[in-house]
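Scroll down for the structure; my scribbles are underneath it.
The values are calculated or read from the model by the stated rules, or taken from the named source; none is laboratory data. Every value quoted in this text rests on a predicted model; they were computed, and no experiment measured them. Glycine also receives a Cβ, built like all others from the backbone with ideal geometry; neighbour counts cover every protein chain displayed. Quick note on the areas: whole protein, heavy atoms, side chains included, nothing else; ligands and nucleic acids left out. Shrake-Rupley method; radii C 1.70, N 1.55, O 1.52, S 1.80 Å.
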Amino acid sequence: MDFPPRLSLARRPTPFYLLERLSAALGGPRIWIKRDDLTEAAAGGNKIRKLEFVLARARAAGCDALVTSGGIQSNHCRTTALLGARLGFEVHLVLRDEGDFDPVPRGNLLLDYLAGAQVHLLPRREYLAHHAERVAELAADLRRRGRTPWVIPVGASDGHGLWGYVDCARELAQDFAAAGIRPEVLVHATGSGGTQAGLVAGAALFELPCRVVGVAVCDSAAWFERKIRADLAEWAAEYGVGLEVGALPVEVDERFIGPGYARAGPEVYATIRRLGALEGVVLDPVYTGKAFHGLLAMCEAGEFDGCRDLVFLHTGGLFGLCAEAARLGFRRPPRGEEGDG
Ligand SMILES: *Cc1c(COP(=O)(O)O)cnc(C)c1O
């Protein structure tokens with residue numbers, strides 16, 4: 001398999017191991033974890049794998065500025081801001097402002113500023129109606145100023161970013177062989193579809209034994225299936241990989257979205273606390289907490305009965321958790337009751 005040019009930005013391969021205490025506590029299939037939250041420090045998570053390919057194209061095209069968009073706590077925008085600084089691009093982010101005003105930026109937004117990105121906040125309504133025009137205007141402004149901008153789609157999810165997770169599937173084939181397992185199912189969070197599109201293609205190319213199940217964190221399964229199939233079609237047309245992509249299985253589970261994008265119910269926070277205390281693995285409320293809650297709920301409902309090994313792909317999101325710290329429900333003790341630390 002010939003991969004297109006990429007920049008080497010992520011720490012690869014990421015760790016893969018068994019969640020021993022959780023598996024013992026559940027008493028069902030063994031649960032393994034692929035730690036793509038460890039692809040980097042501040043720039044960690046799944047987006048860096050896609051951006052290695054996307055930014056290689058931006059560089060090859062002679063661009064010196066990046067424009068992208070997402071939610072106010074977008075992991076993709078934070079990763080683009082940090083990598084842009086690392087590589088010397090001027091970075092512009094169009095972010096959807098949810099209106100819950102906080103004078104001090106937190107989480108991913110804090111890192112966007114720290115990386116020197118230019119942040120353009122759009123009220124939610126305006127973002128939903130006009131964010132594509134706003135991105136195009138910004139790119140036009142940059143051109144007038146003599147810059148050469150490269151526009152990156154939401155989540156870097158398209159037929160190019162997809163390569164990042166084709167490559168992760170290649171890594172997983174090696175991980176499974178090293179562990180001597182043939183897992184039946186791989187579960188991960190799906191938010192803009194690029195991770196799943198890459199895994200679906202990679203699973204076919206590298207003959208992974210498992211189903212790939214994306215747990216939707218926002219839109220419906222039908223929406224994601226269309227989006228993932230469009231990315232796969234674009235990828236196949238562009239790179240001529242000789243896979244019949246229309247025939248590949250795309251499985252999206254829409255039962256665990258909860259109240260909506262970036263809004264999680266108490267069961268998700270309970271899952272985050274549980275995995276933190278049991279395994280020292282930190283999930284986030286927007287993506288991985290929902291997907292892991294879905295995995296546990298499916299286990300409890302007996303949907304994986306008869307399976308020996310399941311894999312959870314941890315896609316990152318730590319800074320989104322920091323932005324929602326209050327919802328975890330921890331309180332420091334009042335003064336005078338701290339204990340004798
Ligand atoms: C973006 C993101 C996802 C979803 O990946 P997509 O490729 O956009 O579907 C999952 N987890 C985290 C932490 C993310 O930032």
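Once Rg and the Kirkwood radius are both taken over the C-alpha atoms of the range 290-340, their ratio Rg/Rh works out to 1.21. A dipole drawn for the range 45-201 from +1 and -1 charges on Cβ atoms has a positive end, and of LEU55, ALA115, ALA132 the residue lying farthest that way is LEU55. Remark on the range 33-102: ratio of C-alpha radius of gyration to 2.2 N^0.38 Å is 1.18. Solvent exposure of TRP235, expressed as accessible area, is near 0 Å², computed with a probe of 1.4 Å over the protein chains only.
Counting only DSSP beta bridges whose two residues both lie in the chain, roughly 10 percent are antiparallel. Comparing LYS47, LYS290, LYS227 in a Gaussian network model of the chain (Cα springs below 10 Å), the most mobile by mean-square fluctuation is LYS227.
In the full protein assembly as shown, how much of GLU244 is accessible to a 1.4 Å probe, in Å² to the nearest 10? The value for GLU244 is about 130 Å². Which log10 I(q)/I(0) values does the range 80-129 give at q = 0.21, 0.22, 0.31 Å⁻¹ under the Debye formula, counting every alpha carbon as one identical point scatterer? Result of the Debye calculation: -0.75, -0.81, -1.15.
Using only the Cα atoms of the range 170-310, what semi-axes does the equivalent ellipsoid have when each is the square root of 5 times a gyration tensor eigenvalue? Give whole Å, largest first.
Listed largest to smallest, the semi-axes of the range 170-310 are 26, 20, 13 Å.
Counting each DSSP H run of 4 or more residues in the chain as -39500 (n - 2.57), what helix-only mean residue ellipticity at 222 nm follows after dividing by all residues, to the nearest 500 deg cm²/dmol? Per the formula, -13500 deg cm²/dmol. Of the residues PHE101, PHE89, PHE206, the one with the largest accessible area comes first in the ranking PHE101, PHE206, PHE89, computed with a 1.4 Å probe on protein heavy atoms. The 1.4 Å probe gives accessible areas that order SER8, SER74, SER220, largest first, as SER8, SER220, SER74. With coordinates expressed along the principal axes, the C-alpha atoms belonging to the chain extend over 65, 62, 35 Å, beginning with the largest.
Diffusion coefficient (Stokes-Einstein, Kirkwood radius over C-alpha pairs, 37 °C, 0.692 mPa s) for the range 222-261: 283 µm²/s, rounded to a whole number. When the residues MET1, MET298 are ordered by accessible surface, computed with a 1.4 Å probe over the protein chains alone, the sequence from largest down reads MET1, MET298.
Computed over protein heavy atoms with a 1.4 Å probe, the carbon and sulfur contribution to the accessible area of the range 224-265 reaches 50%. The calculated Kirkwood hydrodynamic radius for the range 1-144 is 17.0 Å, given to one decimal from all distinct C-alpha pairs. Carbon and sulfur atoms: what percent of the 1.4 Å accessible area of the range 122-219 do they account for? That fraction is 49 percent.
With the charge dipole of the chain set up from +1 on Lys and Arg Cβ and -1 on Asp and Glu Cβ about the Cα centre, the Cα lying farthest toward the positive end among the listed residues GLY45, ILE228, LEU93 is that of LEU93. The charge dipole of the range 165-241, taken about its Cα centre with unit charges on the Cβ of Lys, Arg, Asp and Glu (plus for the first two, minus for the last two), comes to roughly 180 debye.
Entry note, the range 178-235: relative contact order of 43 percent, from Cα contacts under 8 Å with a spacing of 6+ residues. Taken over the Cα atoms of the range 248-308, the convex hull encloses 116 Å³ per residue.
Of all the options ARG59, ARG11, ARG145, the one that moves most in a Gaussian network model of the chain with Cα springs shorter than 10 angstrom is ARG145. For the chain, the solvent-accessible area works out to 44 Å² per residue, with a probe of 1.4 Å and every protein chain left in place.
I'd like the distance between the alpha-carbon centres of the range 1-59 and the range 112-134, rounded to an integer number of Å. Spelled out, the Cα-based centre of one part sits 27 Å from the other.
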